[in-house]
Structures are given as structure tokens and as C-alpha cells.
Amino acid sequence: MIMIDWGAFPRVELGTFPTPLRELKNAGAALGGGRRLFVKRDDLTGIVLGGNKVRKLEFLLADAVAKGCDTIITAGGAQSNHAAITAACCNRLGLKSILVLLKRGETGQKGNLLLNRIQGADVRFVDSDSMGDIYPAMDAVAGEVSAAGGKPYIVPVGGSTPLGALGYVLGMEELFAQAKAQKLRFDHIVCCAGSGGTFAGVVLGTALYSPATRVTGISISKDLSGQASIYKLIRETADLIRADVGLKEDDVVLKQYCGKGYAVPSAEGNDAIGKMAAWEGLFLDPVYTGKTFAGLLDLNDKRYFPEKSSILFMHTGGAATLFAIAME
Ligand SMILES: *Cc1c(COP(=O)(O)O)cnc(C)c1O
């Protein structure tokens with residue numbers, strides 16, 4: 001196995017790790033055919049209401065601190081989990097943060113916007129519904145910070161850079177160590193793909209630590225990331241840690257379950273949220289994990305997972321938006 005020199009990458013401790021790994025017996029039984037379903041509870045990473053962005057930010061914010069930056073600028077949709085978690089992590093580390101959010105989908109003081117208000121986050125809305133407009137807006141804010149004598153650090157949407165994806169390579173090291181201790185093996189991992197950094201890290205980390213396990217990404221947007229951009233991110237992340245595991249573009253398996261659009265709830269996603277809550281007392285969200293679980297259920301109906309296979313569902317968080325985005 002390729003050994004990674006984790007000491008070469010500065011990292012700040014922000015999360016509570018390892019997150020739990022456990023079996024979902026009722027949901028697994030519903031899949032039929034003797035299949036077993038497990039969940040990795042990255043909704044319980046221990047800051048804000050939890051979620052996948054914490055693993056990425058441990059590397060990204062350490063990099064910002066190492067470079068002497070004092071103000072973190074990041075961006076996302078109005079209800080961005082990533083933005084709210086970034087602001088909270090910055091508060092913990094004594095860094096300033098500025099959140100540049102798309103105005104489309106603004107919900108007043110609900111969900112993550114409520115959390116942002118409570119934690120005193122500096123939110124700047126961009127009056128647009130296109131992620132394309134968010135980068136010039138972040139650059140303008142960075143210029144403003146520099147002019148005032150600060151040192152800005154831009155974290156792209158979702159923190160999906162090679163350093164961010166590294167968080168999920170380390171997350172897979174954690175997962176497969178847990179699996180080994182519990183004498184489990186997974187034939188398949190199902191993981192959400194939004195901006196793509198989580199999925200990229202999961203694909204690369206799985207190739208490193210459990211090459212026989214297959215990974216399927218469930219896409220919940222039509223334009224945030226695709227097979228080519230995720231493959232590029234995997235290559236860049238592999239270069240960073242000097243781990244050439246020989247992945248090819250076709251190893252990036254993405255299935256589209258976005259429905260009408262990013263952050264627009266789908267009937268299938270909502271149905272999957274209800275099923276998971278009823279079966280397991282486990283709550284998913286309408287933007288990411290509900291649609292991801294809907295994808296898992298649909299693929300299972302189409303016999304995508306062989307009988308008796310054991311499947312791991314990555315729970316990436318998102319609970320706050322359940323209280324903001326209408327699900328009817
Ligand atoms: C951001 C997010 C994702 C997607 O992760 P990416 O790394 O952006 O692909 C999945 N689930 C939740 C809850 C998120 O907040």
C-alpha cells in the first residue's frame with residue numbers, strides 16, 4: 001500500500017473524529033436480496049450541525065494560517081452548508097470570514113442563514129442565480145480586504161481543491177481502519193457529488209485503502225461538477241500526495257439524480273428522506289443526501305448492486321436546510 005506522509009500537510013483540528021460507522025439494518029432489509037447497508041456519519045463531524053466540509057477545512061484553513069492570511073472568503077448558494085461551517089471554523093480559529101452567497105433561494109432567517117446570523121457571520125449577497133457570478137464577487141471582496149490592510153484567502157465553492165479533497169482521502173483512511181476493526185468490508189460506496197471534492201477524495205482514498213471497493217457518485221447538480229472536472233481534481237490530489245493509483249476517467253462513475261436543479265427538492269429525494277427517517281430515525285437533507293439516498297434506492301431497484309453485497313452510504317450532513325427549504 002502507498003503510505004502517505006500526512007505530516008507534510010498542515011492541518012488544524014476542528015472536527016470530532018472518527019465519526020461513527022454503523023449498520024442500517026432496516027434500510028438494508030428494505031434493499032432486499034441479502035444486501036447490507038452501512039452509514040458513515042459525517043453528519044456528526046462536531047461543528048455547526050456537522051457535515052463533510054469540516055474535513056476539507058482542516059487542511060484549507062491550516063494552509064490559510066500557514067500563509068499568514070487573516071480573512072477567509074468563501075461562497076455558495078443562499079443556504080450553503082459549506083459557508084456556515086466555514087464561518088464557524090473561522091470563529092474557532094480567530095480568523096475573520098466573509099461569505100459571498102447567491103441571493104436566489106434566500107429564505108430570510110431560516111436554516112443556515114439563521115445560523116449565520118447567530119454566529120455573527122459577515123454575509124454579502126450577490127444578486128444572481130449563477131455560480132459563474134460568484135468568483136468575480138469573491139475577487140472584489142478580496143480586493144476590499146487587501147485595501148483595508150488585511151490578508152485574504154479565497155476558499156472556492158465547496159472547498160473542492162486538491163487540499164480540500166485531501167480531507168476525504170484521510171477520511172477514507174479513517175473509514176477503512178474502522179471497517180477493519182469491525183471486520184467489515186464494503187463492495188460499494190455511494191457518495192454525493194456537488195462541487196466534487198468529497199467524491200474525488202472518496203474515490204482516491206478508496207483506491208488507496210480498499211481497491212476492491214467500487215464507488216458511485218450521485219450528482220445533485222447539472223453544472224457544479226462532472227466526470228472530467230472530478231477526474232482532474234483526483235489527478236491533482238494524487239499528485240499532491242504522490243500517490244499514483246492508476247485511476248482512469250472511466251473510474252469516475254457519476255449518476256445524475258439532480259431532478260429539476262441544484263437545491264430544488266425532488267419528489268424522489270423527499271420520499272427517500274421520509275423512508276430513512278421512518279426506517280432508521282436518521283435525517284437526510286433536501287439538497288444533497290436525500291437525493292443521494294434516492295439515487296441509491298433507484299439503482300438498487302435497477303439491480304445495480306449484486307445480491308448479498310454490502311453498501312456504504314456516506315452521510316455528508318445538511319440538516320440545517322431541512323428547516324429552510326420547502327419539501328412539499
Ligand atoms: C457540500 C455538501 C455535499 C457535496 O460535497 P462536495 O464536496 O461539494 O461535492 C454533500 N452533502 C452536503 C450536506 C454538503 O453540504
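Values computed for the structure shown
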item	result
Test: residue in the stretch 231-254 that is under 27 Å from HIS82 (Cα atoms), surrounded by fewer than 20 Cβ atoms within 10 Å (Cβ to Cβ), touching a residue at least 60 places away in the same chain (Cβ under 8 Å) and in contact with a Gly (Cβ under 7 Å, 6 or more places away or on another chain)	yes
Unique residue being in contact (Cβ under 8 Å) with a residue 60 or more places away in the chain, touching a helix residue (DSSP H, G or I) at 6+ places or on another chain (Cβ under 8 Å) and closer than 21 Å to LEU224 by Cα when the list is MET314, MET276	MET314
Of all residues making up the stretch 151-210, the number that are within 16 Å of the ligand (Cβ to nearest atom) and part of a loop (DSSP other than H, G, I, E, B)	6
Single residue of the stretch 9-53 satisfying the filter (assigned to a loop (DSSP other than H, G, I, E, B) and charged (D, E, K, R)) that is farthest from ASP239 (Cα to Cα)	ARG35
Odd one out for GLY68 among (1) closer than 15 Å to CYS90 by Cα; (2) away from the ligand (no atom under 16 Å from the Cβ); (3) not in a loop (DSSP other than H, G, I, E, B)	(3)
Residue list for the stretch 36-66, filter: surrounded by fewer than 20 Cβ atoms within 10 Å (Cβ to Cβ) and in contact with a Gly (Cβ under 9 Å, 6 or more places away or on another chain)	ARG36, ARG41, LEU44, GLY46, ILE47
Output for the stretch 306-322, where each listed residue is over 19 Å from the mean Cα position of the chain (by Cα) and surrounded by 15 or more Cβ atoms within 10 Å (Cβ to Cβ)	SER309, SER310
Flag if GLN109 is touching a residue at least 12 places away in the same chain (Cβ under 8 Å) and either touching a helix residue (DSSP H, G or I) at 6+ places or on another chain (Cβ under 8 Å) or within 16 Å of the ligand (Cβ to nearest atom) (or both)	no
Test: residue in the stretch 14-22 that is buried (at least 18 other Cβ atoms within 10 Å of the Cβ), out of contact with any Phe, Trp or Tyr (no Cβ under 6 Å at 6 or more places or on another chain), over 23 Å from ALA277 (Cβ atoms) and at pLDDT 95 or above	yes
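The values are calculated or read from the model by the stated rules, or taken from the named source; none is laboratory data. What you are looking at is a predicted structure, and each value in this text was computed from that prediction instead of being measured. Methodologically, a virtual Cβ is constructed for each residue, glycine included, from the backbone with ideal geometry; neighbour enumeration extends over all protein chains shown.
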